[in-house]
1. With every protein chain left in place and a probe of 1.4 Å, what is the accessible surface of E163, to the nearest 10 Å²?
2. For the chain, with a Gaussian network of springs between Cα atoms less than 10 Å apart, report the residue from L119, L11, L41 with the top mean-square fluctuation.
3. Can you pull the one-decimal nm distance between simple spin-label points at R32 and D121, each 7 Å off the Cα toward Cβ?
4. Could you tell me how far the Cα centroid of segment 101-127 sits from the Cα centroid of segment 52-75, in Å?
5. Fully extended, how many nm does the chain gain between R175 and R7 (0.36 nm per residue separation, minus their Cα-Cα distance)?
6. List the pair-distance distribution P(r) of segment 1-103, using every Cα-Cα distance, as the percent of pairs falling in each 10 Å bin from 0 up to the bin containing the longest distance, rounded to whole percents.
7. When the convex hull of the C-alpha atoms of segment 66-187 is computed, what volume per residue in Å³ does it have?
8. Can you give me the convex hull volume of the Cα atoms of segment 54-111, divided per residue and expressed in Å³?
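The values are calculated or read from the model by the stated rules, or taken from the named source; none is laboratory data. The model shown is predicted, which means the values in this text are computed figures rather than measured ones. Neighbour counts run over all protein chains shown; Cβ positions are idealised from the backbone, glycine included. Protein only, heavy atoms only, side chains kept; ligands, DNA and RNA dropped before computing areas. Shrake-Rupley method; radii C 1.70, N 1.55, O 1.52, S 1.80 Å.
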Amino acid sequence: MHDDRERVANLLGATALAITDDLLSAPASASRLSMSAAAALIVLRADPGVSVTELGRRVGLTQSAAVRMVDGLEREALVERRRTIGNWTGVHPTAKGRRTAGQLLTSRTSQLTGVLDGLGDTEIRHLGTLLAKLLEGLYQGSGSADRMCRLCDRAACTPDGVECPVGAADRAAARAAAEDGARTDHG
């Protein structure tokens, strides 16, 4: 059994690397954007108005790198900064930015569905179940649903009311933290 576990882990690693290589080239082929800039547009498409700092956190950049990235996206007319309450400034995608994010997601989806071409419908369903379980475990290690899902097509993840496994793990962790906090306050 130990040999099977190591073999499957190795196969998973090779598969993950091959898919990652393809996905990392997708933003370059679909646009002139870096991976971080592509992820930022996808994040902003789903959640417009986040701060530069929060956007950087979600795509894995320092605050200063996030500022430079947003400056570049602004120069390309893909995003705009909007001042809201007080000194709060949110980053919003422009119409061009939303179209570009849509193109990026379409390219990503096309590449990923192509990976599944060798599988039958039943195998795809089984793989979906296994991937959901793996994602729940990966969330426990990272604790950042926003970061894990920075390139996700949220509509594709949750068709017909299907629950996102990362979102479910995030909500469960928040509930557990709230319950723990309540026990500490009353304990």
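1. It works out to around 110 Å².
2. Checking each option, the largest mean-square fluctuation is seen for L11.
3. Spacing of the two 7 Å Cα→Cβ label points: 4.5 nm.
4. Segment 52-75 and segment 101-127 have Cα centres spaced 29 Å from each other.
5. Full-extension gain reported as 56.8 nm.
6. Calculated over all Cα pairs of segment 1-103, the distribution is 15, 40, 22, 13, 8, 2, 0 percent.
7. 185
8. That works out to 97 Å³ per residue.
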